[in-house]
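The structure appears below as structure tokens.
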Amino acid sequence: MEKINVIPLPNKIKYLGGEAVITGREIKKITDEKLADEEYILSADASGICLTASGERGFFYAEQTLKQLGEKCPSVKIEDKPAFSYRAFHLDTVRHYFGVDEIKKFIDAAASVKMNVFHWHITDDQGFRFFSKRRPEVTERASVRPCSNFGRLKEEGAHGGIHTAQQMKEIVDYCAERFITVIPEFDLPGHCSALLHAFPEIGCGGKNVEIKTKQGVFEDVLCAGNDKTFEIVFDILADMLEIFPSEYIHIGGDEAPKKHWKECPGCQKRIRDEGLKNEEELQGWFTKKIVGFLEANGRKAIVWNESLKSGMIDDNVTVQMWMDKKKLSYDFADKGGRVINSEFFAYYCDYPYAMTSLNKTYNYDPVPKEVKNPENIIGIEAPLWTEFINNFDRLCYMAFPRFTAAAETGWTNKGKKNSADFIRRFEAYSEYLKSIGINPAPKKDWNPGVINKLGNLISFFSQYIVR
């Protein structure tokens, strides 16, 4: 029997025999409040098309499935709901700037495969893309870097840009129409070189800090011993809360070197005054300070897994796991904490297919066997960082089909998945991507053989080397 070409694969499909015509048919909608928010039932046969859901979100997902069925399909009844509640894609518009029209194409693609979160990385060492009306200095001083020196990817001349309040609200509204929540990331206390360039007085020692022009982890961090740090951070966060209505705000917490904190009299005084043991606990204290501000304003925080090193993160904070050798994220989940899995070697889409093949992304299980409370792994996220991606075509090549593979893991139950069948379905689905201006990587690149893999890896990592 002919199979349907739908991504993500629905969890329950019953073929009824015969063929259903989709194009031009009247669609009957039935509201059934017993169904969950994201659940739907779709029937398509000779008698017509019927969609059943409890509300608009369920109907939207049913319609995405219906669109992929094409003009004609086998007569079918689909009963469907997601495996995970959190199904996200991530885009970094700091290292290289991408505008509203390009971002909207990614949103359309994500919506079509039932992703429901857009994690938007808009602050970092190489630029501050968020417009702050309370602190306009950060926009004036920190949104443009003088050049770009990402390994061999060198670009002369200034690079930058901001996302204005109007543009960000436009993206929020565009996502809301597609039942996608936008979660902005304000990375703290590390990855703050651009912010410190605008406000050197909130760095340890108050020295001038340049906006970074290359990739890496830098020693510049916000001074945890300076109360003015929190005044400025809270002002910027207050602006974010006015633009982004999401329940969660991502506050980073990754890759924060402690060298300056160890040398800073203010930070050392803070450690003594707060009865902290060391600089890791100081980061825990810093994070709790930011979390407290968000909670006072009715919001919650997401942090990267490095924040767990302090031992001070409560289960009211959600942890995003990316690289966690000590498995602190899984311990956190077992104790009741919520964890998003964006595992580096499976879901980071800025690395070549030779390192992270399509099959690796597709077959990765985001709930390891050692996790005792698997319900606390709430979902998956496919990150895309842009140090070595400076144009939209390259962005699309790196993201697709891997974003789509992650989306299927987020929606389809593990026992229903099949990588060969996914490839078959993606070949049909890719025509939709091309129709909206997204050109995915060609099939020959998705799962490279040993020889091609070695050559591609050498080529990719050689760009880090500057002669």
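The values are calculated or read from the model by the stated rules, or taken from the named source; none is laboratory data. Computed from a predicted structure; not experimentally measured. Note that we place each Cβ from the backbone using ideal geometry, even for glycine, and neighbour counts take in every protein chain shown. Surface areas here come from the heavy atoms of the whole protein model, side chains and all, with no ligands, DNA or RNA. Shrake-Rupley method; radii C 1.70, N 1.55, O 1.52, S 1.80 Å.
The helix-based estimate of mean residue ellipticity at 222 nm for the chain, built from -39,500 (n - 2.57) per DSSP H run of four or more residues and divided by its residue count, is -10500 deg cm²/dmol to the nearest 500. Farthest toward the positive end of the dipole of the range 121-274, out of His159, Ile122, Pro245, is the Cα of His159, where the dipole comes from beta carbon charges about the Cα centre.
Can you find, among Phe345, Ile103, Val217, the residue sitting farthest towards the positive end of the charge dipole of the chain, where Lys and Arg contribute +1 and Asp and Glu -1 at Cβ? Ranked along the dipole, the leading option is Phe345.
Averaging the sequence gap over all C-alpha pairs within less than 8 Å and six or more residues apart, then dividing by the number of residues, gives the chain a relative contact order of 16 percent. About its Cα centre, the dipole of the range 316-356 is roughly 140 debye, where the only charges are +1 on Lys and Arg Cβ and -1 on Asp and Glu Cβ. Round to a whole number: what % of the accessible area of the range 266-330 belongs to carbon and sulfur, probe 1.4 Å? That fraction is 46 percent. What is the Cα centroid distance between the range 131-207 and the range 424-457, reported in whole angstrom? If you average the Cα positions of each part, the centres end up 31 Å apart. Taking the Cα centre of the range 123-248 as origin and assigning +1 to Lys and Arg Cβ atoms and -1 to Asp and Glu Cβ atoms, the resulting dipole is close to 360 debye. Remark: spin-label model distance Lys277-Asn413 equals 4.3 nm, labels positioned 7 Å along the Cα→Cβ axis.
First compute the accessible area of the range 69-218 with a 1.4 Å probe, then give the percent of it belonging to carbon and sulfur atoms. Write down the numbers at each step before the final one.
Details: 2400 of 5040 Å².
The value for the range 69-218 is 48 percent carbon and sulfur by accessible area.
Considering Cα pairs under 8 angstrom that are at least six residues apart, work out the relative contact order of the range 121-167 and quote it in whole percent.
The value is 34 percent.
Pairs with C-alpha atoms separated by more than 28 Å, drawn from the list Lys114/Lys309; Lys300/Lys327; Lys133/Lys228; Lys133/Lys154; Lys212/Lys444; Lys372/Lys414, are Lys114/Lys309; Lys133/Lys154; Lys212/Lys444.
Give me the accessible area per residue for the range 145-202, probe 1.4 Å, as a whole number in Å².
Numbers: 2040 Å² over 58 residues.
In whole numbers, the range 145-202 has 35 Å² accessible per residue.
Can you give me the accessible area per residue for the range 307-453, using a 1.4 Å probe, in Å²? Walk me through the numbers on the way to the answer.
Details: 6000 Å² over 147 residues.
Counting only protein heavy atoms, the per-residue value for the range 307-453 is 41 Å².
A 1.4 Å probe run over the range 1-136, with the rest of the protein chains in place, finds 39 Å² accessible per residue.
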